[in-house]
Amino acid sequence: MKFQLSCGDAVPGCSARFEEDTQERILELVTVHAMQDHGVPEVGPEMLEAIRGNIVAV
Ligand SMILES: [Zn+2]
């Protein structure tokens, strides 16, 4: 089983997609992506929970 996240679900127009073995790994990658590509200064706990809610198991 793998986990997937499409950033476009949260940020319209973003085509970044992540597929990893664990949710935690996706959250790490998305944190970096959000800061580098979306200029988010800090990904706090609430944002992480929102992101986690968008992760789907495949
Ligand atoms: Zn994005």
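The values are calculated or read from the model by the stated rules, or taken from the named source; none is laboratory data. A quick note: this is a predicted structure, and the numbers were derived from the prediction, not measured. Ideal geometry is used to build each Cβ from the backbone, glycine not excepted, and the neighbour counts take in all protein chains shown.
For the range 10-34, a residue qualifies if it is at pLDDT 95 or above and either surrounded by 16 or more Cβ atoms within 10 Å (Cβ to Cβ) or in contact with an Asp or Glu (Cβ under 8 Å, 6 or more places away or on another chain) (or both), and the qualifying residues are 14, 16, 18, 20, 26, 27, 29, 30, 31, 33, 34. When each of 27, 5 is tested for being among the hydrophobic types (A, V, I, L, M, F, W, C), within 11 Å of the ligand (Cβ to nearest atom) and on the phi < 0 side of the Ramachandran plot, the lone residue that passes is 5. So which residues in the range 34-53 are closer than 15 Å to residue 4 by Cβ and more than 8 Å from the chain's Cα centre (by Cα), if there are any at all? Within the range 34-53, just 53 meets the criteria.
The number of residues in the range 21-49 that are in a loop (DSSP other than H, G, I, E, B) and within 14 Å of residue 10 (Cβ to Cβ) comes to 2. Candidates in the range 10-32 are the residues that are among the small types (Gly, Ala, Ser) and touching a Gly at 6+ places or on another chain (Cβ under 9 Å); of these, the one that is nearest to residue 53 (Cα to Cα) is 16.
List every residue pair whose Cβ atoms lie under 9 Å apart, where the two residues are 6 or more positions apart in sequence or sit on different chains, the first residue falls within the range 1-28 and is under 17 Å from residue 47 (Cα atoms) and of a type in the set (Asp, Glu), and the second residue, located anywhere, is modelled with pLDDT of 95 or more and surrounded by 16 or more Cβ atoms within 10 Å (Cβ to Cβ). What qualifies is 28/20.
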